[in-house]
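Written out below as structure tokens is the structure these notes cover.
Only the coordinates and a few stated rules stand behind these numbers; no lab work does. Everything numeric in this text was worked out from a predicted model, so none of it was measured. With ideal geometry, Cβ positions are generated from the backbone for all residues, glycine too; neighbour counts draw on all protein chains shown.
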Amino acid sequence: MLGDNLIDERAGRGAASGAAREAPYLAPAPGWGDGPGDQPILDLAIYWRMALKHRNLIIGCFLGVLALGAALTFLMTPIYTAQATLQIDRESARVFNLEEVSPSESLIQGEEFFQTQYGLLRSRSLAERVISTLGLASSDEALESIGATPPPDQGSAAARAAARREAALEALQENLSVSPVRGSRLVAVGFDNPDPVVAARIANAFAENFIQANLDRKFESSKYAREFLEERIAQTKVRLEETERQLVAYAANQQIINVGESGEDGDTPGASRSLTSNNLVALNSALARVRAERIAAEERWRSASSSPLMSLPAVLANPTIQRLTEQRALLNAEYQQKGQLYQAEYPEMVRLRAQIQEADQQIRTIATNIRNSIQREYETLANQEQSLQRQVTGLTGEVIDLRNRSIQYNILQRELDTTRTLYEGLLQRYKEVSVTGGVAANNISIVDAAAPPSEPSKPDLLLNLLLAAILGLGLGVVGALVLEALDETVATPDDAESKLGSPVLGVVPLLAKGQTTASALADVRSAFSEAYYSLITALQFSTPDGAPASILVSSARPAEGKSTTAYAVALNMARVGRRVLLVDGDLRNPSMHRVVGIENERGMSNLLSGSADLASVVHPTAHENLAFIPCGPLPPNPAELWGGDRVRDFLNEARSRFDHVVIDGPPVLGFADAPLLAAVVGGVVFVLESRGTKRGQARGALRRLRVGRAHLLGVVLTKFNAKSTSYGGYDYAYDYNYGGEQGDDQARRRGGKVRKGDRL
């Protein structure tokens with residue numbers, strides 16, 4: 001197409017002419033001015049704004065599901081739950097200190113035991129016992145009372161009875177609840193039914209039948225044990241009698257006479273022993289004792305015979321010798337004392353020596369007798385040992401012969417003892433089983449019987465409303481997330497920066513109903529006018545050299561506020577003392593001449609076609625410092641006019657006479673005019689209608705501008721409704737109190753009454 005070729009041509013020319021455009025100052029990137037670590041990982045404000053944005057959907061889902069939950073709750077049939085509390089012990093109360101036939105559970109196996117009991121409570125067999133006990137399958141009325149549907153009246157009577165029984169069984173198992181109490185041996189058995197009396201009756205029936213079933217199992221196990229023991233006792237008794245007869249006959253034939261019980265000297269404990277064996281055991285014990293005494297006496301004699309007489313322990317320990325030794329010591333002391341006074345032949349000294357000699361003689365005599373007694377004791381014990389050894393040797397042969405003859409006897413004796421022990425054990429166990437079988441002790445008891453409940457357990461209005469509220473809120477949130485994910489519109493400045501990757505220069509609020517653009521711009525205190533003043537400030541900082549000399553205002557599609565923005569930018573620049581030329585560059589659908597109030601007879605089309613010069617098409621306006629060039633007659637091909645060299649000549653000439661040239665350009669999508677014009681101007685302001693332009697349209701338009709190497713200054717978001725958008729990032733309530741000299745000065749400046757040298 002001709003327009004596309006012109007875009008490429010003008011793009012090349014624009015790249016060669018760098019003086020026509022300034023370097024970008026605002027970075028067109030999301031998160032403009034923020035580092036990578038400045039953004040929080042989870043920004044709750046974003047979700048809060050999203051919730052406010054879709055609050056109608058969330059509230060609607062919340063209230064709708066809540067109302068639906070309440071309606072369904074009130075339409076439900078009230079269900080009553082009756083509960084009977086059981087205590088389940090691992091072992092039953094022991095009336096007798098006897099073991100039961102059934103195996104008892106240890107502490108390690110306790111959890112398995114309780115789980116088994118809970119399974120028995122839910123078992124089919126217990127439910128069948130309850131059905132039989134209460135007659136729940138006897139008629140259709142009985143089935144309807146427990147909430148079961150009666151089967152069709154078809155088939156034989158037996159088939160109908162089986163079908164009713166299955167229906168009753170299914171209803172009981174479906175409405176039965178078994179709830180163990182944590183940390184205890186209690187379990188609650190509950191039943192749900194629309195009738196509270198029926199619910200209590202069936203819950204109690206389950207508890208009572210469970211106890212009875214447990215007793216029946218114990219009784220059946222005891223009965224089997226008794227029958228088994230009776231049979232084994234009869235067989236063991238016959239065998240015991242036969243073994244006793246064989247043992248007595250063999251003992252009489254071999255003349256084996258056993259007396260007493262062994263268990264101390266190596267024989268089998270509990271077995272009888274012969275007389276010869278008893279004698280041999282007694283003599284052997286005596287021999288061992290005498291031998292030990294003889295060894296001790298021999299050792300004492302050897303020590304006495306080889307040691308000095310007065311050093312023997314027995315001599316030193318003798319009391320008589322100790323007394324005589326003390327007397328001799330006293331006499332010797334007296335002799336030594338008197339020896340200092342008398343001569344040796346003095347009678348007193350002679351008497352003392354005689355007494356000392358007599359004491360020495362007595363000590364030697366007694367010591368000699370002690371050593372002789374040790375010798376005699378040793379000889380006596382040696383003789384006794386020899387005599388006992390001869391007797392033991394003689395009896396040993398007799399015992400060996402007796403044992404040879406007692407081998408068969410011992411075999412018969414052991415068999416008799418084993419049979420007697422088995423018989424006695426069986427007989428004792430039989431008595432225990434007979435006693436415990438007659439005692440109705442049970443490890444399961446009813447703590448609290450079920451009573452008809454006064455209030456229904458289902459439905460729970462508060463619980464259902466809570467669940468409905470959670471569900472409704474969840475559906476609303478999910479719906480909001482889905483709508484947000486599918487939302488292709490650009491509604492907020494954050495959307496423009498994140499979805500388009502371009503900085504936002506300004507945000508223009510939506511006009512109130514009945515308010516016109518002219519009246520809003522005329523009121524310098526209005527939020528609308530303040531928004532465009534902020535846009536002028538942003539343009540002043542868009543490049544290092546201030547606002548560009550030539551600015552193109554364009555949009556992705558028509559009716560986005562592009563012409564209003566171009567007019568407001570030019571008007572506000574003129575109000576602050578800048579010489580501004582406003583150009584209606586939309587050669588396809590011009591509208592700016594109606595806003596300015598100037599006839600559209602001659603204009604840009606004449607200037608670009610060469611039929612007019614700049615001075616002939618520029619018209620002054622009612623505002624000081626603001627001039628206007630209308631569109632002029634509509635040309636057959638506007639793209640060719642914008643692609644010519646006269647555009648650059650026009651801009652150069654206009655910049656020499658005006659400070660700024662603001663061009664109200666055509667939309668970008670569908671036409672080649674805007675990209676061609678954007679390639680030669682100093683900067684492009686892209687106008688975007690809040691919630692009016694799709695993200696794809698805006699991206700496509702920006703892509704076309706970037707392909708033409710346009711200098712995009714930023715995005716202006718128009719028709720922004722801060723209340724409906726609930727956007728918390730900016731405050732657009734431009735409601736300042738103009739008072740005092742400063743307020744008057746601001747009013748004069750915004751009204752255009754400023755000095756010519758004042759600049760932004």
Report task. Note down the nm distance, to one decimal, between modelled labels 7 Å out along Cα→Cβ at Asp613 and at Glu358. Result -> 18.6 nm
Query raised in the report: Taking the alpha carbon gyration tensor of the stretch 425-528, what are the square roots of 5 times its eigenvalues, largest first, to the nearest whole Å?
Result: 84, 22, 10
Query raised in the report: If you add up the charges near Ser605, with Lys and Arg at +1 and Asp and Glu at -1, over every other residue whose beta carbon is less than 13 angstrom from its beta carbon, what do you get?
Result: -2
Query raised in the report: What fraction of the Cα pairs in the stretch 273-405, stated in percent, has a spacing above 19 angstrom?
Result: 67 percent
Query raised in the report: Each residue of the stretch 377-393 in order: what ³J(HN,Hα) in whole Hz does its phi give by Karplus 6.51 cos²θ - 1.76 cosθ + 1.60, θ = phi - 60°, with x for Gly and Pro?
Result: 4, 4, 5, 5, 5, 5, 5, 4, 4, 5, 5, 5, 5, 5, 5, 5, 4
Requested in this report: Give, in nm to one decimal, the length gained when the segment between Gln337 and Thr77 is fully stretched (0.36 nm per residue of separation minus the Cα-Cα distance).
Outcome: 80.4 nm
Report summary line: Expressed in nanometres to one decimal, the distance between label points 7 Å along Cα→Cβ at Leu467 and Ala234 is 6.4 nm
Requested in this report: State the volume of the convex hull built on the alpha-carbon positions of the stretch 113-253, expressed per residue in Å³ and rounded to an integer.
Outcome: 160 Å³
Query raised in the report: Okay, which of the stretch 110-152 sit inside 16 Å, backbone N to the point 7 Å along the Cα-Cβ direction of Ala162?
Result: 151-152
Report summary line: Between Ile211 and Glu141, the FRET efficiency computed from the C-beta separation at R0 = 35 Å comes out, to the nearest 0.05, as 0.80
Query - Estimated vicinal HN-Hα couplings, Hz - the stretch 236-252 in sequence order (Karplus 6.51, -1.76, 1.60; Gly, Pro = x) - result: 5, 5, 4, 5, 5, 5, 5, 5, 5, 5, 5, 5, 5, 5, 5, 5, 5
Report summary line: Once amide hydrogens are built 1.01 Å from N within the peptide plane, the residues lying 5 or more places from Val583 or on another chain with amide H under 5 Å from its amide H are Ile629, Val662, Ile663, Asp664
Query raised in the report: Glu326 to Glu348: FRET efficiency via 1/(1 + (r/R0)^6), r the Cβ-Cβ distance, R0 30 Å, to the nearest 0.05?
Result: 0.90
**Report entry** For the stretch 591-676, alpha-carbon Rg over 2.2 N^0.38 Å
**Finding:** 1.06
Report summary line: FRET efficiency (Val197, Asp417; Cβ distance; R0 51 Å; to 0.05) is 0.15
**Report entry** Long-range HN-HN contacts of Thr718 with modeled amide H, under 5 Å
**Finding:** Val508, Leu688, Glu689, Ser690
Query raised in the report: If you take the charge dipole of the stretch 648-703 about its Cα centre, with +1 on Lys and Arg Cβ and -1 on Asp and Glu Cβ, which of Ala698, Val680, Val661 is farthest toward its positive end?
Result: Ala698
Report summary line: Extension length gain for Arg291 and Thr133 (0.36 nm per residue less Cα distance), in nm, is 48.3 nm
Requested in this report: State, as an integer percentage, the relative contact order of the stretch 273-405 based on alpha-carbon contacts under 8 Å between residues 6 or more apart.
Outcome: 47 percent
Requested in this report: List the residues whose amide H sits under 5 Å from the amide H of Val447, counting only those 5 or more places along or on another chain, with H placed 1.01 Å from N in the peptide plane.
Outcome: Thr85, Leu86, Gln87
Report summary line: If the chain between Arg588 and Arg646 were fully extended at 0.36 nm per residue, the gain over the current Cα-Cα distance would be 19.0 nm
Query raised in the report: Which ³J(HN,Hα) values in Hz, rounded to whole numbers, follow from the phi angles of the stretch 607-615 under the Karplus curve 6.51 cos²θ - 1.76 cosθ + 1.60, where θ = phi - 60° and Gly and Pro get x?
Result: 5, 6, 7, x, 8, 8, 9, 5, 5
